[in-house]
Amino acid sequence: MQQDILINWSPQETRVAVVETGAVQELHVERTLERGLVGNVYLGKVARVLPGMQSAFIDIGLERAAFLHVADLMSSVAARHADDKGEPAPIVPIEKQVFEGQSLLVQVIKDPIGTKGARLSSQISIAGRLLVFLPQDQHIGVSQKIPFEQREALRQRLLALAEAAAQDGKTGNQTGGFILRTNGEDASDAELGEDIAYLRKTWVRIKEASTRLPTKSLLHQDLSLLQRVLRDLVSETTQTIRIDSAEQFNQLQAFGQEFTPSAVNKLQLYKGERPIFDLFNIDEEVGKALGRRVELKSGGYLIVDQTEALTTVDVNTGGFVGARNFDETIFKTNLEAAGAIARQLRLRNLGGIVIADFIDMTREDHREAVLSEFRKQLARDRVKTMVSGYSALGLVEMTRKRTRESLAHMLCEPCPVCDGKGSVKTARTVTYDILREILREARQFNPREFRVIASPDVIDVLLDEESQHLAGLSDFIGKPISLQAEGAMSQEQYDIVLL
C-alpha cells in the first residue's frame, strides 16, 4: 500500500503525518522545548572530584555541572563483568581514574531536574532503529523482552552480520558490540545491516568531533523527529516525503545523502499556498482522534476509552441497518471496525493492553473472519503487536508495544473543571451539597447572613425548583440566605460566605 509522509515544521514544533490511501495513519509530534538531553554525547571537563561520594562533577556547558558516579565510569562497568576466574574485579576509586581539568567523553543518562544537574555515564551507547551500538564493548546481546527460545539464534545472526560489516571496513570502525532491540526481532538482514552501518558511521563522527572540538562541546545528539523520519518511517511503499520548510529540507537532504541515500530521492519541498496538513484534512482527523467516539462509514461507531492500565474499544452498530439480516449487519460492522481499531491504535499511538469488544457474533466463521481481518490490519503497524484471540467473555485481547506518549497525553491535559473524571456533578447535585453545607456551617457559626456564590445554572435551580427547600432551610436556621451568580465559576464550584 502506497504511503506519503507530510512534514509540517515550525521553530516551536515539528509534526509528521503518515498518509495511506488518503487517510492519515500515524501522527508524530515533537516540541522543541520538550526535547530532553538523554542520549546526548559531550566532551566534558572534570570540574571537581569528590572521593567521599565516589563521584565527580563534569562541566558539559549546561547551567549546572553534571554528575558522574564511579559506577558509571566505563572502567567500572568493565570491572563488574566477571574475569576469567568468574570473580568480578574490584572497582578502582574514582580519584585514581579521573582528575580535575581532564577531558572526558560522557553521555547523559538522566535529564537535569530542579536543582539537580544531569546524570552522566562514560559508557557510550548509540540507539538505532533496530539496534543499540556499544562502541567501547564487544558484547553481542538480544533484548530480554524477546522470547528466550529465539534469543540465541538471533544473537548468532547478529554476530555474523556485525563480523561481515567489520570485514567490509567501509565505516572506518571495526570494533564494538550490539544489542538487538525488541522491534528488531522480525527485521531482515538488509535492515539490520543498514542499522549497523549507520551506527558505526555515527560513532566515527563522534570520535572525529572529540579530537577537533573544544571541551564542553556537544558531539552527538539523539536524532530529531525530522531525521527519524528518514531513518525509521521511510519504507519501500513510501512515494513522497513532503516538507514545508526550505531550510529543513536542505538539512534533511544533507543528512539523507550521508546516512539514508535511498530516501533522498523521495524528498520534496512543498511550496503550495495551503498549509501542508490541509491537503488531507489532517488537523480535522487529529481533532477526531482526541475524542471518545469514532464514526464508521457504515453508520456504526467505536467508543475508545484510554485508562492508566489499558485501553478499551467498544464496537456498536449505531444506525447501520443495510445488511440483509441482523447477523450480516453485525458481521459487516465488526469487519469495518477491525480496520478502524487498528488505524486508531496507530493514530493515537495507544500502547500496552488493549481490549476490543466486538459485537457478539453467533456464527463461528464470522468470528474467525473478523479476527483474521483484525490481525491483517495490525500487521501493517510498524510497532510490535500481539493478539491472543477471543477470551471466555468474547473480548479480543491484545498488546501493543509502548514507544512514546499517546497522542492524547502529548496534546492534552486533565480538564480543570472535572479534574480528568470526564464528567461533572449536575446542578441539582451541587445544589443539595450547598444546602447541606449551609446547615453544617450554621451549627458551628452564628453569622448575620449566609451568601451563596455559585455558577448561574446552580443559582437558577436554587431560585426555581429548590426555592421552597431554600426558604425552609432559612427558616430552620433563623438566618437569611442570599444568592449571587458568578459566571467564571464551573458547575461544581461554589462558595458560602458568612456575613
Starting from the Cα-Cα distance between Gln54 and Asp305, subtract it from 0.36 nm times their residue separation and give me the gain in nm to one decimal. 85.5 nm
P(r) of the range 417-499 over all Cα-Cα pairs, 10 Å bins starting at 0, rounded to whole percent, reads 18, 52, 25, 5
Within the set of other residues whose C-beta is less than 12 Å from the C-beta of Arg48, count the net charge using Lys and Arg as +1 and Asp and Glu as -1. -2
In sequence order, what are the phi-derived ³J(HN,Hα) couplings for the range 453-470 according to the Karplus relation 6.51 cos²θ - 1.76 cosθ + 1.60 with θ = phi - 60°, rounded to whole Hz, with x for glycine and proline? 10, 8, 5, x, 5, 5, 4, 4, 5, 5, 7, 10, 5, 10, 5, 5, 5, 5
Less than 11 Å from a label point 7 Å out along the Cα-to-Cβ axis of Arg443: which backbone N atoms in the range 466-499 qualify, by residue? none
Amide H proximity to Gln102 below 5 Å, modelled H, separation 5+ or other chain, gives Val46
Quick one: if the Förster radius is 45 Å, what FRET efficiency do Gln102 and Ile355 give, using the C-beta to C-beta distance and rounding to 0.05? 0.25
If eta is 0.692 mPa s and T is 37 °C, what Stokes-Einstein diffusion coefficient results for the range 1-155, Kirkwood Rh from Cα pairs, in µm²/s? 173 µm²/s
Karplus couplings for the range 268-278 from phi (6.51 cos²θ - 1.76 cosθ + 1.60, θ = phi - 60°), rounded to Hz, Gly and Pro as x? 9, 8, 7, 10, x, 6, 6, x, 4, 6, 6
For the range 357-395 and the range 96-158, compute the distance between their C-alpha centroids and round to whole Å. 38 Å
To the nearest µm²/s, what D does Stokes-Einstein give for the range 185-224 at 10 °C and 1.306 mPa s, using the Kirkwood radius over alpha carbon pairs as Rh? 134 µm²/s
Counting only DSSP loop positions in the range 220-258, the GluC sites (Glu not before Pro) whose Cβ has at most 13 other Cβ atoms within 10 Å are Glu236
Across the range 100-113, in residue order, what do the Karplus-derived ³J(HN,Hα) couplings come to in whole Hz, using 6.51 cos²θ - 1.76 cosθ + 1.60 with θ = phi - 60° and x for Gly and Pro? 4, x, 6, 8, 9, 7, 9, 10, 6, 10, 8, 5, x, 10
Provide the convex hull volume over Cα atoms per residue for the chain, in Å³. 266 Å³
Straight-line reach from Lys216: which lysines have a Cα under 27 Å away, not including same-chain ones fewer than 8 places off? Lys45, Lys96, Lys110, Lys116, Lys201, Lys207
Please give me the summed charge of the neighbours of Ile124: other residues whose Cβ is under 12 Å from its Cβ, Lys and Arg +1, Asp and Glu -1. -1
Among beta bridges assigned by DSSP with both residues in the chain, the antiparallel ones amount in percent, to the nearest 5, to 75 percent
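Quick note: the coordinates plus some simple rules give every number you see, no bench work behind them. Only a predicted model underlies this, so the values are computations on that prediction, with no experimental measurement involved. Note that each Cβ is placed from the backbone with ideal geometry, even for glycine, and that neighbours are counted across all protein chains shown.
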